[in-house]
Amino acid sequence: MLSAAAAIALTVTLLPLEAPGGALAQDATAGRGRGSDDNDNVLKRSKHTTAADLDRSILLEWRANSPALQQLWSDENAPVSAWEGVTVGSAWQGVTVGAEGRVVKIDLTQQGLKGVVPAALGGLTALEELNLYRNQLTGLPKELGGLTALKHMQLGVNLMSSVPAELGALTALTFLNLEDNDMTTVPAELGNLTALTDLYLSSNQLVSLPKEFGNLKRMQSLGLSYNKLTSVPKELGNLKAMTSLSLAGNPDLAALPEEVEQLSTARGRLTQVDPRLTPG
C-alpha cells in the first residue's frame, strides 16, 4: 500500500495532465492552430496558382514520361517559353484575350515521340496549334476534346489506328491532318467540326466515311487518296465550298454519287478528283 506522502506526490504528478486548460492543453491547442495555419497557407498558395503555372505542370508531366522530351527539354527549370517547339502567348502577338503567358502552340514535328499522347494535354485550354507530325504516336486520349481554343491540329505520319469521338468537340478547329496513319474508320462526330476548312485523311485504311461529313459546310479541301474506299456518302454533295477533293488510289471506288459528281463538274470547281470518276 502507498504511503500518504507517495499518494500525494502521485496526485501532484498527474494533475497537469488531467487539468483542462492547463499548459499541456494550451500547447495542444496551439499545435492545432499551427496546423490550421499551415493548411491555410497551402490553400492560399493554390489560389495563387495561375493558368500559366498549370500549363507548365502539364508539360513537365509529359516530359517526365517521355525520354524524347527529356532530351529535347533538357533544362526542366527553364521557362517553358525557352523549350524548343513551345510558343507562349504574349500581348504583342495579338493572342486571344486571356491567353497571355499561356501555351498557345506546340510544334514537335519529327521528335521521336512514342505511345499515346498524355491525357493531361487536354488541360492546355489556350492551345491554338498542335503539331505532332511524323512521330510514332499510337493514340490520342479523349481529353483532347477539351482543347476548345484549338484551330490547327497536325497528326499526320504516325501509327494511330483510331481517334476519339471527343475530337468532335473542337468546334474552333479549321485544319485537321490525319493522313498516313493506320485508321480503318473515323468517328461520325468529326461531322460536328463546322469550322473545318481542310481535312486530310489520305494514306489510311478507310473503307467508308460517315454521312455526317456532309455537315462540314465550310470544307474547302478534303484529302481521301490511297485508302480502301468502296463508296463515298452522297452527303458530300452538300459541301458547296469545296474546291479540292482528292480520291486517287482507291481502286475499289467505282463511281461517285450523282450529288458529288455535280460538284466535280460545276464550273470546274473541284480539282484532284480521280479522273476515272469524273465525266468527260
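Candidates Leu222, Leu236, Leu209: the one that is in contact with a Gly (Cβ under 9 Å, 6 or more places away or on another chain) and either within 25 Å of Gln154 (Cα to Cα) or surrounded by fewer than 18 Cβ atoms within 10 Å (Cβ to Cβ) (or both) is Leu236. Among all residue pairs at least 6 apart or on different chains, which show Cβ distances below 7 Å where the first residue, located in segment 218-230, is under 12 Å from Thr185 (Cα atoms) and the second is β-branched (Val, Ile, Thr)? From residues that are under 12 Å from Thr185 (Cα atoms), the pairs are Lys228/Val207; Leu229/Val207. When Arg134 is tested against (1) among the basic types (Lys, Arg); (2) within 22 Å of Met242 (Cα to Cα); (3) out of contact with any Asp or Glu (no Cβ under 8 Å at 6 or more places or on another chain), exactly one condition is not met: (2). Ser162 - would you say it is farther than 19 Å from Ser57 by Cβ, modelled with pLDDT of 95 or more and hydroxyl-bearing (Ser, Thr, Tyr)? Considered against the rule, which asks whether it is farther than 19 Å from Ser57 by Cβ, modelled with pLDDT of 95 or more and hydroxyl-bearing (Ser, Thr, Tyr), Ser162 comes out as yes. Looking only at segment 231-280, residues that are at pLDDT 70 or above and under 32 Å from the mean Cα position of the chain (by Cα) come to 20 in all. Among residues of segment 76-91 being out of contact with any strand residue (DSSP E or B) (no Cβ under 7 Å at 6 or more places or on another chain) and within 16 Å of Ile106 (Cα to Cα), the one that is surrounded by the most Cβ atoms within 10 Å (Cβ to Cβ) is Trp83. In segment 99-111, the residues that are farther than 17 Å from Trp62 by Cα form Cβ pairs under 8 Å with partners that are acidic (Asp, Glu), at six or more places apart or across chains, as follows: Ala99/Glu128.
Against the list (1) surrounded by 17 or more Cβ atoms within 10 Å (Cβ to Cβ); (2) closer than 20 Å to Leu60 by Cβ, the condition Leu167 fails is (2). Pairs meeting the criteria (first residue in segment 59-86 and without any contact (Cβ under 8 Å) to a residue 40 or more places away in the chain and farther than 17 Å from Ala119 by Cα, second residue part of a helix (DSSP H, G or I) and basic (Lys, Arg), beta carbons under 6 Å, at least 6 apart or on different chains) are Gln70/Arg63; Trp73/Arg63; Val80/Arg56. Going residue by residue through segment 199-214, is there one that turns out to be of a type in the set (Ser, Thr, Tyr), in contact with a Lys or Arg (Cβ under 7 Å, 6 or more places away or on another chain) and over 21 Å from Val117 (Cα atoms)? Scanning segment 199-214, I find no residue that is of a type in the set (Ser, Thr, Tyr), in contact with a Lys or Arg (Cβ under 7 Å, 6 or more places away or on another chain) and over 21 Å from Val117 (Cα atoms), so the answer is no. Taking the criterion of being closer than 15 Å to Val104 by Cα, among the hydrophobic types (A, V, I, L, M, F, W, C), at pLDDT 95 or above and in a helix (DSSP H, G or I), would at least one residue in segment 56-75 satisfy it? Scanning segment 56-75, I find at least one residue that is closer than 15 Å to Val104 by Cα, among the hydrophobic types (A, V, I, L, M, F, W, C), at pLDDT 95 or above and in a helix (DSSP H, G or I), so the answer is yes.
The values are calculated or read from the model by the stated rules, or taken from the named source; none is laboratory data. Just so it is clear, the model here is predicted, and its values are computed rather than measured. We place every Cβ from the backbone using ideal geometry, glycine too, and count neighbours over all the protein chains shown.
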